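Okay, so here's the structure we're looking at.
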Amino acid sequence: MPWLALPFGDKRKASLSRTFKVHGIPSLIAIGPTGRTVTTEARNLVMIHGADAYPFTEEHIKEIEAQYEEMAKGWPEKMKHALHEEHELVLTKRRVYGCNGCEKQGHLWSFYCEECDFDLHPKCALEEDKGTKDDEMEKASPGEGWKCDGEVCYKA
Ligand SMILES: [Zn+2]
Ligand SMILES: [Zn+2]
């Protein structure tokens, strides 16, 4: 590990646990440059914000939360999506989720159906049309070895 670590079973663990009131693992405590505890809730902050949570100060968290609100401006609060026709998807702040569209992980904003536990990245939910267009363009492109001169296509 690239950070300082105590060997497993080291006796100093008990005093660290007492100092930082560690009740369960995994636990992450952020300590500032002066040695002052920034937060004992760093684990939750990482769960919500990922690496953006660094350096964990209250001001920084407020700032990124404001950025997230800003990000969601212009997105609909609710939408219907072809991948989930049964219910409306509601713009929801989630922690970590798996996108049911692209199957990659997402965090924070999701177009979400609580009833079915169905998530879509805002990107996946809102850019559906663009994807379709790209597919069509691919299909429309001329086959290899052909040249198109205006309306006429001929073998090159
Ligand atoms: Zn996705
Ligand atoms: Zn649903």
Which pairs do you get when a residue that is more than 27 Å from ARG43 (Cα to Cα), found in region 86-104, comes within reach of a residue that is assigned to a loop (DSSP other than H, G, I, E, B) and more than 16 Å from ligand 2 (Cβ to nearest atom), reach meaning Cβ atoms under 7 angstrom, with the pair 6+ apart or on two chains?
-> GLY101/HIS121
For CYS99, work out the one condition from (1) in contact with a Cys (Cβ under 6 Å, 6 or more places away or on another chain); (2) near ligand 1 (Cβ under 10 Å from one of its atoms); (3) more than 18 Å from GLY50 (Cβ to Cβ) it doesn't fulfil.
-> (3)
Sort through ILE61, ILE48 and tell me the only one that's modelled with pLDDT of 85 or more and either surrounded by 13 or more Cβ atoms within 10 Å (Cβ to Cβ) or under 30 Å from PHE20 (Cα atoms) (or both).
-> ILE61
Scan of region 90-108 for residues that are under 15 Å from GLU127 (Cα atoms) and either small (Gly, Ala, Ser) or crowded, with 17+ Cβ neighbours inside 10 Å (or both), ordered by number | CYS99, ASN100, GLY101
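The values are calculated or read from the model by the stated rules, or taken from the named source; none is laboratory data. The structure presented is a predicted model; accordingly, all values stated were derived computationally and were not measured. FYI the Cβ positions are ideal-geometry reconstructions off the backbone, even for glycines, and counts take in every protein chain you see.
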